[in-house]
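Enquirer: Before I ask anything, here is the structure I am working with.
Bear in mind these aren't lab numbers, they're just calculated from the coordinates by the rules spelled out. Owing to the predicted nature of the structure, the values given are computational and were not obtained by experimental measurement. Every residue, glycine among them, receives a Cβ derived from its backbone with ideal geometry; neighbour counts consider all protein chains shown.
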Amino acid sequence: MYSRPPDIQFDTATVRKWVLPLLRRIDVGEYPTKAGHILGLSKSHTWYYMHKLEKCNLIRREKRSNVVFYELTKESTKLLRSCEGSVFPAQLYRFDKCQVSYEILAEGRYPKGSFKPVEMVNWTALLGTELGVKVKHTPRSWIVHVEVIQGRNAIEVTNLAMNLANLVRYALCTKYGCVLSDGKVIDGEIAHEDPIAQLFGRYFTVRANNRKIDHSWGPGELEHTQRDAVVSYLQMPEGVKKIEVEVTALRGEVAAMRTDLNLLTSTLKEIFGLDSNGTGKAPMIGGNEYVT
């Protein structure tokens, strides 16, 4: 027998800012802790919302081989689809693998045990987290590894990534007394979430001159390396419609030409006295006799 889920209340601002974005991250297969980290939620707040969402039947837990997975229910899936284009206006751009480097102008004092030594090719780096974001200390710079950023255009995701990296830089300078230069993006990929790319990315890697589809089990992405490629991709539906109109017009012209050719053939047959098989007597130009 169906039992109605308990009434769970969310503040409207909370739903827009935290609940719906959290559902979106769960929908693409991310674990709650990582999803909350990307959104800027603390671990306790993330699991607070997860428990409430589970109680109101918007997410469900499934245990497979001693590992717990979370996925959306039909109700939450319908809810997300109804929000596309309104609550989430065209957030198709993603900034992946973004790294921002800050040159060290003056070293700080770092307590032992705060960071984990990582052997690099030619030097030893220190790896840790600050404000929940992974950071790496090298002999010359601090490198901030920004998580996936989503937005409506390339400028927005770049600014959001730099804002987060600058917050981490401020925290490092305040906490350890170091002096860092302005940040510089040294790595990252601008991508478009795309269902076709998600489908093909599971089985193929497809590359063209200025774009590619990679293997991706998460959000589908179509990577572009030049602005004109992005514009061409976004204008593809209009281009297809234009081609369809031109093909329709061409079909009409071909049909008209076919009618004209049939009429010309009939006229020539009458002039030369030919039957349907093209045989018969045709008048000579002199006009006195017929030849077969």
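Enquirer: Give me the distance in nm between label points sitting 7 Å out from Cα along the Cα-to-Cβ direction at Tyr176 and Ser42, one decimal.
Expert: Those two pseudo-labels are separated by 2.4 nm.
Enquirer: Do any of Lys112/Lys184; Lys184/Lys241; Lys78/Lys184; Lys74/Lys116; Lys97/Lys241 go past 31 Å between their Cα atoms, and which? Let's see the in-between values first.
Expert: Details: Lys112/Lys184 28 Å; Lys184/Lys241 42 Å; Lys78/Lys184 41 Å; Lys74/Lys116 43 Å; Lys97/Lys241 36 Å.
Result: Lys184/Lys241; Lys78/Lys184; Lys74/Lys116; Lys97/Lys241 exceed 31 Å.
Enquirer: Measuring from label point to label point, each 7 Å out along Cα→Cβ, what is the Lys55 to Lys116 span in nm?
Expert: Placing both labels 7 Å along Cα→Cβ, they lie 3.5 nm apart.
Enquirer: I would also like to ask the following. How long is the gain from Asn262 to Leu126 if the chain were fully straight, where each residue apart is worth 0.36 nm and the alpha carbon distance is subtracted? Intermediate values should be presented prior to the final figure.
Expert: Details: separation 136, 0.36 × 136 = 48.96 nm, distance 8.33 nm.
Full extension from Asn262 to Leu126 adds 40.6 nm.
Enquirer: Provide the FRET efficiency to the nearest 0.05 for the Met236-Arg152 pair, computing r from the beta carbons and using R0 = 22 Å. Don't jump to the answer; show the numbers that get you there.
Expert: Values: r = 19 Å, r/R0 = 0.86.
Approximately 0.70, to the nearest 0.05.
Enquirer: Which net charge results for the neighbourhood of Glu30, defined as the other residues with beta-carbon distances under 12 angstrom from its beta-carbon, given Lys and Arg at +1 and Asp and Glu at -1?
Expert: Values: positive: Arg24, Arg25, Lys34; negative: Asp27, Glu71, Glu147.
That sum, taken over residues with Cβ under 12 Å, equals 0.
Enquirer: What is the calculated FRET efficiency for Lys63 to Lys184, with r their C-beta to C-beta distance and R₀ = 45 Å, to the nearest 0.05? The partial results should precede the final answer.
Expert: Numbers: r = 45 Å, r/R0 = 0.99.
Rounded to the nearest 0.05, the efficiency is 0.50.
Enquirer: Additional query: Which of rounded, prolate or oblate describes the range 12-83 when judged by the alpha-carbon gyration tensor and an a/c cut-off of 1.5?
Expert: Details: a/c = 1.64, a/b = 1.15, b/c = 1.43.
Oblate, because a/c is 1.5 or more while a/b does not exceed b/c.
Enquirer: Between Thr73 and Phe272, what is the label-point separation in nm under the 7 Å Cα-to-beta-carbon projection?
Expert: Placing both labels 7 Å beyond Cα along the Cβ direction yields 8.1 nm.
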